[in-house]
Each structure stands twice: as C-alpha cells, then as structure tokens.
There are 2 protein chains.
Amino acid sequence: MDTDLAAYLDDFTRRDWETLDPDTVDDPVRIAVVGLGWFAREWALPGIARSAYTEATVVCDVDPETTESVAAARDLTGVAPEELRSGAVADEYDAVYVATPNATHLGYVEAAAEQGKAVLCEKPVESTPERAERLVAACDDAGVPLMVGYRMQTDPAVRRLKDLLDAGVLGDVVHVHATMSQTMLGELSTDHDQWRLDPALSGGCALMDIGVYPLNTTRFVLDAEPTRVFGTTRTEHEAFAGVDEHASYRLTFPDGVEAMCSVSQNAQHASRFEVVGTEGRAILDPAFYEREDRGFAVVRGGTRADVDFEQVHQPEAEFAYFGHHLLAGEPFHPDGEHALGDARTLDAIYESAESGAVVELTD
Amino acid sequence: MDTDLAAYLDDFTRRDWETLDPDTVDDPVRIAVVGLGWFAREWALPGIARSAYTEATVVCDVDPETTESVAAARDLTGVAPEELRSGAVADEYDAVYVATPNATHLGYVEAAAEQGKAVLCEKPVESTPERAERLVAACDDAGVPLMVGYRMQTDPAVRRLKDLLDAGVLGDVVHVHATMSQTMLGELSTDHDQWRLDPALSGGCALMDIGVYPLNTTRFVLDAEPTRVFGTTRTEHEAFAGVDEHASYRLTFPDGVEAMCSVSQNAQHASRFEVVGTEGRAILDPAFYEREDRGFAVVRGGTRADVDFEQVHQPEAEFAYFGHHLLAGEPFHPDGEHALGDARTLDAIYESAESGAVVELTD
C-alpha cells in the first residue's frame, strides 16, 4: 500500500468520534428496546450489550409472547406497548430504541419525547415525509436528542472511505455505483418480519427498506444532498403485490456527481458500494449487511489494494456512538434533520417512478 | 463450481460460432486496414495476423509517414486515403477494416461498398445517427456485408455470460451495473489519438467512445433494446472543453430491467459489468479493455465462483469471426442494423443530457 493510503488506513477501526474512555463508564445509558423483530433480537440487543456505553433494561413488542421470552432470556423488564407509551416503567430507561415497522415509529417516538427520553429510531425514520417531520418535530419540541440508526455511518469501512474522499486521495468524485439485494422471502422467513410487504406499515418495500442504504451512504460519504432523482420500481413476484420488489434510482449531486443505485428484495444477494474518482476508486464489497464481513479495496494508479481489517459488530459500533454521544453531551451526525433528507428523497424517487419523469429536489 | 454452472462454463473459450476448420483455410480474407492509430497498430493488425481466417495486405492512413512505417514494418502495401477510395489497389484486398475517427467512417465505407468489398467498421459506427444510416444504406445498396467492431460480442467471457442468462441459470434479470473509465490524457498520450477531443470528428467523447461498451454489451447479453434512456454528461477539465469528459446513463429495457451505466475519459481506470438476477449474479471485472485480462465470476446461492480461463486476444477473436463468417457465407450478428440501435440510443442519451429529461426510444 502506498504511503498516502497508509496514513489514512492504518488503525483502520479507530473510533475517531470517541472522546470518552470506555473503561471508565460506570453508568451506561439504559435503553428500552421497542420492536423485537429479527434484527432487534439477533443484532441490536447483542450490540447494546457489547457496547460499553449502553445496556438494555426494558423490552417491548406487540406480541406478548415475544416480549416475555426475550425479557426472560436476558433478565430484562418486559412491557406491552401501551405500558411503555404511558411511561409506566419510565424510571427504568434513559433512552428508547425504536425498531418497529416504519409507520409505527411516530407513536413510540412521541411517547418517548413526552417522557424526556433520548431516542434512537431505526431508518427509514417513518413511512412518509409528513410523518417523519412530525417525528422530528416531536423530539425538537421536547428537547430530547434524536439519532437515526444509520449503522453504515459508524462502520469503520465507511468512515475510512469518507476519510480518503475528504483528504482528496481519490481526487474529485466522478460517479458512484451501489447495489444491494437479498432474497427477502427466503432470508426473512418469519411472519414477524413480513410487515415490509404491507405498504401501510412500511411505506414501501425494496426502496424504503433497502434503498435507504445506498442513498444514505452516498449522502454521508459525499457530505452532499442530491438535487434531483430519477427512479423506477418494479414488481414481478405475486408475494410483492402492492409494493416494490425491485427499485433502481439515480441521484444527481450539486457538482454533477451521479450515483447509480439499484436494490431488490428478490434477487441474488448483492451488497456493493463503489466510488470512482479522478485519482482513485474505493470499493466496499460486501458493503451493507450487518451479517457479512465488509470488504474494502482502493485502486490508485491502476493498482488495487485490498485492506485486511478487524471486522466490527455494526450494531455495537452504532450503539456505542449513541451512548457515547449522550454521555458526552455531543450532537449526533445522523440526527432527525439528516434523516428528513432521506425521507424526502425516497418520496421523490417514488414520485419519479410513478410519473416516469425526473424529480427536482428543493430545500 | 456447481454442476449447473459447469455445464455452461466448461470449455470456456470455445468458439460456438465456428463451423469451419481453421487449419484448412488456404485463402484467408485479405484486409485493407484504414486508420493506423494506436488500436490498429497495437491490436488490430496483430489480431488479423493471429486469426487463421484473415490477413492484412494493405494499410492506409492520413499521415503518409505512419502509412509508410507500418507498411514497411509488416511488408504490406501502403496507400494514401484517396488512392484507397479510388480503388487503385482494390485487387489486393477482399475487405476493408475502418478504424479512422468516427465522423470519417462514412466516406471509407461508401468507397469500399462501391468497390464491392466487405466492411468491418469500428464502433461507434459513425458520429451521428443520420450518417450511421447512410453508412448502413451504402452497404445494403451495394450488397456488401457489413460488420461493426463490437469486440465484446466475440469475447468468450461475454458469450458465456450470455449463455448463463439464456439458459436461465441466473434467473430473471433484475438489473445491470456497468462502469468504464480511463485517464485518456495519460493513457492515450499521442496526438494521433486525440481526435476524440474534437466533436466534429468524434461526435462526442466519453459517451461515444466508451459509453458504447456498456450499452452494446448490455443489449447483446440481454438480447433486447432499451425503450427509454436518461443520461447526463459533465466536463470539468479544460482539455475536454466542448466534449463530454464524464457521462452516466440508465437504460430501461422492455421488461423493466434497468441498466445503470457510467463512463469517464478522466477517472481512475475502471472496467466492470455486472448482471444481477433473481437466482444469481454474473460479474465481469475487468470487463471492457482489450489490454486487460477479463475476470469472470458467478454468485449463486450466496457462493461466488471465480472462473479461471485462458484469455483470448480480443481483436484476434473479432477478426476470426469476421473472416470466418465471410468465408462461410454467414451473416454477422453485430451488423449495420444492430449498430444503428447504438447510434440512436447514444443520440437519445445526449438529447436527455441536454434536456434533463427522460427520452423515450421508439422504433
């Protein structure tokens, strides 16, 4: 690896955002986890436990049996949704992590805000821009900190890629390609997670659930907002009737950089993010799924360097950032305003897919 | 590799189009090579010599010194453009290979057609759709066979990828990503090849010169024509004033498959073509440049197989196909009509880039 690269990629998994010493944390942020689907059970709860800055204390799900079994297995307080929203056990948590179906985020976040609790809300933040705005306003009005769960933003691979871009090591960005797909029917086989097929609960399928990854990752690494979008959605398989099975979209950024993105809920697993610059390319492949090791390669002067680094547990890194910033009193990068950028852009892509025309985004 | 794949990928470099025995060819097709730029000198002439079905006999360039030196080095007849067009040495060749700047193809092809010679014309076939149509009509009217030099179509990696798609081994195609870029100012450093910067000679730069690869390769492997396009072009570096330095475009195919493509004449070298299907992905990386080994990988059931195969000399394969089909009296796949599809699509992409709107393509 050339020296320019090494300067940015040594100590690859460093937490550039960490100002506290994790070994000195006596009172980690106590978190109530709402929505005990596959991701919360398999990834978020373990991530909260691994992070020095957080601990789970309360769990909650619409399904009482799920709540009971998770609470028992982890020795936590299990409550029903109405109990949580009423604040019945509010003295047992400092923050609420909302991992319920998209269209139900608002109610839980409003309740948490009323209780004065910090919020970590899963992305996409809500099912429509209007509801997303209400959610953000609820936290603003109550003065509670809101972070949105873009776990790619705390992944070292993504942060190092951004470092290279910020330092100009890849030259000027020319274009971005991103693709992400899974066989949703096969990989997420439990009914519990199939709310994604219900547009009233999800707001959309391939684009809402998966499309937010290429979109947000591009916004984050370019530190820029798309000015226009063009998208299409498509549904072939009957299981996806009423929602988008496949979607593809391109995002135009102010300086003319184009991001070419495609996502699918029913295609061979793919997970790839590439930035092509005048002086170099950076490739994350695999890129997006919590359950796969990230790949990181840089091509400069025609030579490709594949970086071998210790994989992090993505939710651990995300919850560590959340807890750390609450304890340190620092603002989140992926906050509510940031998330509204995705909400508006996803909506514009759906509008473009419906109309067949390019949609301009204005502030 | 699973048995399904092996059935299609064994004997990887087989010439599925070859019906003659190359060892029995006594009278190869004699070719006049017009336009002795870098590609003709370094790749086409060696390719013609390697192919059992062809031999070069005449060379021609606007620069007399280049003509003389190439003719001397290879012991060929060197002629000036006006001599070639007048048919002064027409008894020395059976076919004309045209590798001059795009906007000058027409004159050479018209002359060859008048002489009753078969034509292999480089892509893009001309600088505008109108001139491309005149070129194709000239060959049709004269009854001479016309092939257009899409060397990807005779590359085994591309043909095997198409085999997998045709056999349904990858399921239904969901989307395509392709990117191709080079540092043109650095890689093509001689003045002789810089006609690409002159729109009057080239008809365009990144999109015309490079964009035709992702476009045509996608058309070929999907065996389908795009129905609408949306594209953008961009120029930052002063050397590209008046032409497109970067371009990106998406192609929509009749069944809703979207191809997301980006190209650049001034970015870190990239050369990648990927098809994502419901049952598998196929990846060519590197894909497009004659001067790099092609990579071929298939992902099915989450498992990636990288296929190791003997690389072919792309121009040799292309000229072998050309000579073979002339000797066998078989029609070319990449013929004039096929090339007009690219000419119209490239024009529509430029139109889209100018208007900022989606452009529908109609027959």
Measuring nothing but label to label, 7 Å from Cα along Cα→Cβ, what are residue B:4's distances to the other copies in nm, shortest first? 4.4
Ballpark to the nearest 100 Å², how much total accessible area do B and A bury together, probe 1.4 Å? 3200
Burial-style ranking of B:18-26, A:322-330, A:346-354, average other-beta-carbon count within 10 Å with highest first, yields A:346-354, A:322-330, B:18-26
Roughly what % of DSSP beta bridges within chain A run antiparallel, to the nearest 5? 60
Rounded to the nearest 5, what is the percent of antiparallel bridges among the DSSP beta bridges in the protein assembly as shown? 60
Long-range Cα-Cα pairs in the stretch A:301-349 (distance over 17 Å), rounded percent: 62
DSSP beta bridges in the stretch B:15-150, what fraction antiparallel, as a percent rounded to 5? 0
Count, for each residue of A:226-232, the Cβ atoms from other chains sitting within 10 Å of its Cβ, then give me the mean as a whole number. 3
At 7 Å out from Cα toward Cβ: residue B:225 inter-copy label distances (nm, ascending): 4.2
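Out of the total accessible area of chain B (probe 1.4 Å, heavy atoms of protein only), what percent is carbon and sulfur?
In chain B, the share of accessible area belonging to carbon and sulfur is 44 percent.
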Rounded, prolate or oblate (a/c below 1.5 giving rounded, otherwise prolate when a/b exceeds b/c) for chain B by Cα gyration tensor: oblate
For the stretch A:15-150, radius of gyration divided by Kirkwood radius, i.e. Rg to Rh on alpha-carbons: 0.95
With every protein chain kept in place and ligands, DNA and RNA left out, what is the accessible area per residue of the protein assembly as shown? Probe 1.4 Å, answer in Å². 36
From highest to lowest solvent-accessible area (probe 1.4 Å; ligands, DNA and RNA excluded), A:14, A:294 read A:14, A:294
Under 20 Å by backbone N from the virtual spin label 7 Å along Cα-to-Cβ at residue B:337, the residues of the stretch B:99-121 are B:118-121
Neighbour net charge for residue A:208 - beta-carbon separation under 11 angstrom, K R +1, D E -1: -3
Please tell me the relative contact order of the stretch A:15-150 in percent, rounded to the nearest whole number, where contacts are Cα pairs under 8 Å and at least six residues apart. 20
For residue A:308, what charge total do you get from the other residues with a beta carbon under 15 Å from its beta carbon, if Lys and Arg give +1 and Asp and Glu give -1? -3
Identify, among A:248, A:282, A:341, the residue whose Cα sits farthest towards the positive end of the charge dipole of the stretch A:233-363, taking +1 on the Cβ of Lys and Arg and -1 on the Cβ of Asp and Glu, with the dipole about the Cα centre. A:282
Hey, for residue A:313 with labels 7 Å out along Cα-Cβ, what do the inter-copy distances come to in nm, ordered shortest first? 5.8
D for the stretch A:258-357, whole µm²/s, Stokes-Einstein with Kirkwood Rh over alpha-carbon pairs at 10 °C and 1.306 mPa s: what number? 94
Please report the net charge: other residues with Cβ closer than 10 Å to the Cβ of residue B:49, K and R +1, D and E -1. 0
List the residues of the stretch B:20-49 whose backbone N lies under 17 Å from a point placed 7 Å from the Cα of residue B:83 along the Cα-to-Cβ direction. B:31-36
How would you order A:243-256, B:261-274 from highest to lowest mean count of nearby Cβ atoms within 10 Å? B:261-274, A:243-256
Find, among the residues of chain A, the one whose Cβ sits nearest the axis of the rotation taking A to B; state the distance in whole Å. A:260, 2
Could you work out the helix-only [θ] at 222 nm for chain A, with each DSSP H run of four or more residues adding -39,500 (n - 2.57) and the total divided by the number of residues, to the nearest 500 deg cm²/dmol? -9500 deg cm²/dmol
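The values are calculated or read from the model by the stated rules, or taken from the named source; none is laboratory data. Quick caveat: nothing in here was measured; it's all calculated off a predicted structure. Backbone-built Cβ (ideal geometry, glycine too); neighbour counts: all protein chains shown. For the accessible areas, the whole protein counts, side chains as well, though only heavy atoms, and no ligand, DNA or RNA atoms are used. Shrake-Rupley method; radii C 1.70, N 1.55, O 1.52, S 1.80 Å.
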